[in-house]
Amino acid sequence: MKNLAPKLTHEQYEANFAELHPPFTPNSAVAEANRCLYCYDSPCMKACPTHIDISTFIKKIATGNIKGSAKTILKSNWVALTCAKACPVDVLCEGACVYNERGEEPIQIGRLQRYAIDWYFEHGMPPLFAPAPKNGKSVGVIGAGAAGLSCAAEAALLGFDVTIYDANEKPGGLNTWGIAPYKMMQEDAFKEVRLVQSFGVKIQSGVCAGKDIALGDLEKKHDAIFLGVGLGSASRLNIPGENLPGVVDALDFIGKVTTRNWHSVDVGKRVAVIGAGNTAIDAVTEARRLGAEQVMIIYRRSREEMPAYDFEYELAKSEGVQFQFLTAPSRIIGNAHVEALECIQMQLGEPDEEGRRRPIPVPHSEFRIPVDMIIKSVGQNIEQTFLAQIPNLKIEGGKVWVNPYTLQTSNPKYFAGGDCINGGKEVVNAAADGKRAAHGIHEFCFGK
Ligand SMILES: Cc1cc2nc3c(=O)[nH]c(=O)nc-3n(C[C@H](O)[C@H](O)[C@H](O)COP(=O)(O)OP(=O)(O)OC[C@H]3O[C@@H](n4cnc5c(N)ncnc54)[C@H](O)[C@@H]3O)c2cc1C
């Protein structure tokens, strides 16, 4: 890459990627737990897609029963450490906390959850759950992300023999390869993988289903199959210059950053990220933390339509990210390397089918922004080629169709959950789906 941002010292990188929310000390955890009002109708619990009994786990922290607290959490969510660190708590549990209505700071539920789960892993995962006797049936899980791991753990506890197949060399899905390193470390994701393995779940990494192993073979081997395959290829910009060196996909860039081999990740001095979802915000703030001097988001709609959460937007702004709203890329310019991004000014027209106002180019408003690197983050699609191999699998609106109660797909042997059925939400949704699907599989194999 040309015009690389100078490499930082190891200490600078570590400082730049320091944890956003450091852990509680035992005293501060108890003090925070004691603020909880233990509401009888627990709006926080309702707001959590995995419905963790939040009041109960917090009460247990307050009374010094940390192991019991961890048990309460894990009973509902097998990737509770990831969720504690990476969940958008402002719009989920903490956003629902009654303290907000009183104009006071909500209970720091995420940090308290982390306190209990850190304790659990630091104490060598004391056994809390006993798998049911083997039920003689077998489940194949495709994908070792949050959805696949959750389904596998729950199915193993229900007595199934479970094997997970994952195309990546290391399991964990986006918990390992996507979530920003200032939120969580890859090691956190591996702890959760080990927890799932402790229930007897087998994991075959580096095995791409439909390629390294035929789906027909999996169907013969397993009584039911869970698809936790997430999303696949990144959407293209479809503008001239897209293949120039210096133009990269957000997930490729972010995947390198999650390894924490900071020196090996090249970043330009001036970086433009195209898109304004949460992944785009992660990419732009990560570029900044790696030493990029000028970083900006290019988004064709306005601030109001931006898909990223408010707190992610505020975080990015506080780190010096510039936002170019109502701006669409029209051409990438450069000879052997990207040198500039040509953009066109937009204005908002009538709402589209999703209800968002449609961006319309302003005639003759083209302008250029000099850049050294462009990171594309305009969404991902489901893996059509892989999914097309499954007979009678219904895809609706770009998502795998499922029965909302059992998460069974239109092919009765297959169940699905996580990003592939919701088009890309949060870890906690995938965790909830995996658990639900395991019970759907149980019902399928044994009746109600
Ligand atoms: C950059 C980024 C940052 C994010 N940050 C957050 C965050 O801070 N907080 C949050 O809550 N959510 C975040 N999310 C969303 C969250 O990561 C996802 O919603 C969640 O991880 C989805 O889990 P999943 O199990 O459905 O899919 P994934 O985690 O994507 O896992 C799918 C797995 O399936 C495997 N696979 C796919 N096809 C095959 C095949 N044919 N054979 C074998 N294996 C296969 C893949 O290798 C992968 O490991 C982020 C997403 C991105 C992209």
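Things worth noting here:
- The strands (runs of 3 or more DSSP E) falling completely within region 347-440 that include 1 or more residues that are of a type outside the set (Gly, Ala, Ser) and under 24 Å from Glu304 (Cα atoms) map to 357-361, 367-370, 373-376.
- Applying the set (1) away from the ligand (no atom under 16 Å from the Cβ); (2) more than 22 Å from Ala438 (Cβ to Cβ) to Gly110 leaves exactly one unmet item: (1).
- Check on Ala155, hydrophobic (A, V, I, L, M, F, W, C), part of a helix (DSSP H, G or I) and closer than 16 Å to Ala209 by Cβ: no
Per-residue answers, yes or no, for (1) among the acidic types (Asp, Glu); (2) farther than 20 Å from Glu154 by Cβ; (3) modelled with pLDDT under 95; (4) in contact with a strand residue (DSSP E or B) (Cβ under 9 Å, 6 or more places away or on another chain):
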{"residue": "Phe24", "(1), (2), (3), (4)": "no, yes, no, no"}
{"residue": "Asn27", "(1), (2), (3), (4)": "no, yes, no, no"}
{"residue": "Glu32", "(1), (2), (3), (4)": "yes, yes, no, no"}
{"residue": "Ala47", "(1), (2), (3), (4)": "no, yes, no, no"}
{"residue": "Ser76", "(1), (2), (3), (4)": "no, no, no, no"}
{"residue": "Ala80", "(1), (2), (3), (4)": "no, no, no, no"}
{"residue": "Val89", "(1), (2), (3), (4)": "no, yes, no, no"}
{"residue": "Ala96", "(1), (2), (3), (4)": "no, yes, no, no"}
{"residue": "Asn100", "(1), (2), (3), (4)": "no, yes, no, no"}
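- Residue that is nearest to the ligand (Cβ to nearest atom), among those in region 146-169 that are out of contact with any helix residue (DSSP H, G or I) (no Cβ under 6 Å at 6 or more places or on another chain) and farther than 23 Å from Lys220 by Cα: Asn168
- Pro43 vs. criteria in contact (Cβ under 8 Å) with a residue 60 or more places away in the chain and within 27 Å of the chain's Cα centre (by Cα): no
- When Leu174, Leu195 are checked against the criterion of being surrounded by 19 or more Cβ atoms within 10 Å (Cβ to Cβ) and more than 7 Å from the ligand (Cβ to nearest atom), Leu195 stands alone in meeting it.
- Every listed requirement among (1) within 12 Å of the ligand (Cβ to nearest atom); (2) over 21 Å from the mean Cα position of the chain (by Cα) is met by Arg368 save one, (1).
- The numbered conditions (1) in the same structural domain as Ala47 (by TED's automatic domain parsing); (2) among the hydrophobic types (A, V, I, L, M, F, W, C); (3) farther than 15 Å from Cys44 by Cβ are all true for Ala167 except (1).
- Residue in region 8-15 that is more than 30 Å from Val271 (Cβ to Cβ), of a type outside the set (Ser, Thr, Tyr) and at pLDDT 95 or above present: no
- Pairs meeting the criteria (first residue in region 271-296 and not assigned by TED's automatic domain parsing to the domain that holds Gly424, second residue of a type in the set (Asp, Glu), beta carbons under 6 Å, at least 6 apart or on different chains) are Asn278/Glu312; Ile281/Glu312; Thr285/Glu319; Arg288/Glu319.
The values are calculated or read from the model by the stated rules, or taken from the named source; none is laboratory data. Here the structure is a predicted model, which is why all the values come from computation and not from measurement. Neighbour counts run over all protein chains shown; Cβ positions are idealised from the backbone, glycine included.
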